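The values are calculated or read from the model by the stated rules, or taken from the named source; none is laboratory data. Small disclaimer: the values here were computed from a predicted structure and weren't measured. Positions of Cβ are generated from backbone atoms using ideal geometry, with glycine treated the same way; all protein chains shown enter the neighbour counts.
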Amino acid sequence: MSAVSQADARRPIGVFDSGVGGLTVLDAIHRALPWEDLVYLGDTARVPYGTKSADSVARYARQAALALVRRNVKALVIACNTASAVALDVLRESYPSLPILGVIDPGAEASCRASRSGRIGVIGTEGTIQGGAYQRAIQRLRPDAIVTGQACSLFVALAEEGWTDGELLEQVLRRYLAPLSSGNQPRIDCLVLGCTHFPVLKSAIANVVGDDVCLVDSAATTAAALYQQLDQLGELHPERERTGAIDYLVTDGPDRFARVAGTFFSRAVDRSNVELIDIPQLA
């Protein structure tokens, strides 16, 4: 590796989401590539993206991407299902030389590999399920797949409140997940956690759906895809024994972000490491 390319490989990886849920993706990336420096942007002033129009989400994503590009990132991860569905192609056109990954394609690919029968469930927010991005991505890869989507919007609030176990959570999960295996729906053997908040509830979801249903965590699959792409490009950080730094940027509420972050990230986030920024404004 040349001196110039070594310098390029030492640049941080940028990750953005509308709020705190994308920290599950950041956590997976940090576990897979612990030596890499990371910059996380939570657009907390405009959370959630799922209720916004596609045009608005695309504009927000362009602004978030620009904020991270200005920090000289070497790759960009869209740690938001809604933004991945709406803005991935837009951002790749805007930054053709920058590796850009969303969370949908890695999750779809993993579900197609994991499902034996092709009967795959997807859970996410109402916007993600109604938009059909996972359904289309799965059926592009596996046309014979029978994909059943189920909106589970209340899961987001439960995750942010830290309600990751208990009888009440189990009752809510059973109520939401029942349509995936009842009535005329075929029994699924694979379930995609199609929202970045949902890995926090993974153990509880597994208890409800049973051992015969494989859970696909889009956070983990995105981290694996990022590792593979950077390795192919020769852009992994050359020093593998180091522990990478993590910087956090938010557009509102840094105190709340630091407080809630511990539910989604494997270590506490120090408020002093959370920077409040004005996001670049674009038309």
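Figures for the structure shown
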| read-out | value |
| --- | --- |
| Any hit, region 40-51, residues being touching a residue at least 40 places away in the same chain (Cβ under 8 Å) and hydrophobic (A, V, I, L, M, F, W, C) | yes |
| The listed residue being surrounded by 16 or more Cβ atoms within 10 Å (Cβ to Cβ) and not in a loop (DSSP other than H, G, I, E, B), out of VAL172, VAL269 | VAL172 |
| Single residue of ALA54, ALA85, ALA32 found to be out of contact with any strand residue (DSSP E or B) (no Cβ under 8 Å at 6 or more places or on another chain) and farther than 22 Å from ALA133 by Cα | ALA32 |
| Test: residue in region 129-139 that is in a helix (DSSP H, G or I), closer than 20 Å to VAL208 by Cβ and of a type outside the set (Ser, Thr, Tyr) | yes |
| Filter result for the condition that a residue is of a type in the set (Val, Ile, Thr) and farther than 16 Å from LEU141 by Cβ, over ILE120, ILE129 | ILE129 |
| Listing of helices (runs of 4 or more DSSP H) fully contained in region 3-122 that carry 2 or more residues being touching a helix residue (DSSP H, G or I) at 6+ places or on another chain (Cβ under 9 Å) and crowded, with 17+ Cβ neighbours inside 10 Å | 23-32, 54-69, 81-94, 104-114 |
| In region 247-266, residue nearest to ALA219 (Cα to Cα) [restricted to those that are in a helix (DSSP H, G or I) and of a type outside the set (D, E, K, R)] | PHE264 |
| Residue list for region 160-169, restricted to those being modelled with pLDDT of 90 or more and surrounded by 14 or more Cβ atoms within 10 Å (Cβ to Cβ) | TRP163, THR164, LEU169 |
| Options ALA204, ALA178, ALA224; residue that is of a type in the set (A, V, I, L, M) and assigned by TED's automatic domain parsing to the domain that holds ILE78 | ALA224 |
| Yes/no for ARG271 being more than 24 Å from ALA75 (Cβ to Cβ), modelled with pLDDT under 95 and among the charged types (D, E, K, R) | yes |
| Residue count, region 210-240 (criterion: within 14 Å of GLY194 (Cβ to Cβ) and either of a type in the set (Phe, Trp, Tyr) or in contact with a strand residue (DSSP E or B) (Cβ under 9 Å, 6 or more places away or on another chain) (or both)) | 6 |
| The lone exception for LEU154 - which of (1) closer than 26 Å to ALA83 by Cβ; (2) touching a residue at least 12 places away in the same chain (Cβ under 8 Å); (3) crowded, with 16+ Cβ neighbours inside 10 Å it fails | (3) |
| Single residue of region 183-222 satisfying the filter (over 28 Å from TYR49 (Cβ atoms) and at pLDDT below 90) that is surrounded by the most Cβ atoms within 10 Å (Cβ to Cβ) | GLN185 |
| Search result, residues across region 139-151 that are without any contact (Cβ under 8 Å) to a residue 40 or more places away in the chain and among the β-branched types (Val, Ile, Thr) | VAL147 |
| Residue check, ALA178 closer than 25 Å to ALA261 by Cβ, at pLDDT below 95 and assigned to a helix (DSSP H, G or I) | no |
